[in-house]
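What follows is a short report on a single structure.
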Amino acid sequence: MRTRLAVILLCILSVPSVQAQAVKSGFFKTSDGIRIHYLEAGSGRPLVFIPGWTMPAWIWQKQIDEFSKAYHVIAVDPRSQGESDKPPYGHLPETRARDYKELVDQLALEQPILVGWSMACGELIKYVEQFGADNIAGLVLVDGYLTEKPSDLFAPISGWMNQLQQDRQKQADGFVRSMFKKPQPEDYLKRVIDASVQVPADTAVVLIYNMIAVKDFSPGLARINRSVLFTYQPESQPSADFLKSKLGDRLRLERFDGDGHALFVDDAEKFNHVLKEFLQTLPK
């Protein structure tokens, strides 16, 4: 009996386990001289994660851990965020989109899937507008504000943009806590808040202004010839409707009821499952 148990145990231990891969930290320099930081783990098909306004690359940690088991995962600190340089220029969506294209080129990523959250959704549409979609395998847009007229948002948030410059810490605290509907550990929330306030206040405001100053997403949407997944919470239903009207059958919608803006943190298990299913539908 002991021998049989030993053999069974040996067989179990000899089966390779699928584990998250070690995360490496790297930098590359853009064509205008800015050092961009990124996290990298795993191997296989490339999967690039881009965070939203003032957020760090590591906010995708639950996705890095899961997808690095089978994919080459890269999570980016956009310029002026996280550990990337914080220059007083280059914060247009078009410029940040160019940064992502240069990351793809410098890391020699073949047919990556690009995943953008919040502000990064518009930046990825600008990516396609400038560079086309032939060099990517698919797009995943996570709870971004995408409408016919983004500038309509200016009046409702202009006061908040002023408050950002008056009390950066207070506004970052309120914003970060509002991103979640599920309880998060206090030390985690403080870590995200601390990362957010590393973005200079004036830069934070300029990023918002440039996001809502986009006149029309139609040129970029018209160039999308790849499958697109849009995951969103109920407040973003107008964005889902707008994307559906522009992309038709190229778009897959997944609504996350009961989750907040950072839905991939609030319900990481569901988000990862939805993303895995979408990735499996993409041509190799």
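Scanning the range 151-172 for residues that are open to solvent by less than 50 Å² (accessible area, probe 1.4 Å) and closer than 25 Å to GLY258 by Cα turns up LEU153, ILE157, GLN171, ALA172. Annotation note: of PHE278, PHE264, the sole residue that is in contact (Cβ under 8 Å) with a residue 60 or more places away in the chain, in contact with a helix residue (DSSP H, G or I) (Cβ under 8 Å, 6 or more places away or on another chain) and open to solvent by less than 10 Å² (accessible area, probe 1.4 Å) is PHE264. THR95 meets each of the listed conditions (1) open to solvent by 10 Å² or more (accessible area, probe 1.4 Å); (2) touching a helix residue (DSSP H, G or I) at 6+ places or on another chain (Cβ under 6 Å) apart from (2).
Can you give me the number of residues within the range 22-65 that are among the hydrophobic types (A, V, I, L, M, F, W, C), closer than 15 Å to GLU102 by Cβ and open to solvent by 10 Å² or more (accessible area, probe 1.4 Å)?
So the first thing to find is which residues in the range 22-65 are among the hydrophobic types (A, V, I, L, M, F, W, C), and the list is 22-23, 27-28, 34, 36, 39, 41, 47-50, 53, 55, 57-60, 64.
Remaining after also requiring closer than 15 Å to GLU102 by Cβ: 27-28, 34, 36, 48, 50.
Checking which are open to solvent by 10 Å² or more (accessible area, probe 1.4 Å) leaves us with 27-28.
The number of residues fulfilling the criteria is 2.
The single condition among (1) open to solvent by less than 20 Å² (accessible area, probe 1.4 Å); (2) modelled with pLDDT of 95 or more; (3) not polar (S, T, N, Q) that VAL197 does not satisfy is (1). Kindly indicate whether ASP187 is of a type in the set (Asp, Glu), surrounded by fewer than 19 Cβ atoms within 10 Å (Cβ to Cβ) and over 22 Å from MET55 (Cβ atoms). When the stated conditions are applied, ASP187 does not pass them. With respect to the conditions (1) open to solvent by less than 10 Å² (accessible area, probe 1.4 Å); (2) touching a Phe, Trp or Tyr at 6+ places or on another chain (Cβ under 9 Å), PRO234 falls short on a single one, namely (1).
The values are calculated or read from the model by the stated rules, or taken from the named source; none is laboratory data. What you see is a predicted model, and the numbers here were worked out from it, not measured in a lab. Note that we place each Cβ from the backbone using ideal geometry, even for glycine, and neighbour counts take in every protein chain shown. Side chains are part of the model used for accessible areas, which takes the heavy atoms of the whole protein and leaves out ligands, DNA and RNA. Shrake-Rupley method; radii C 1.70, N 1.55, O 1.52, S 1.80 Å.
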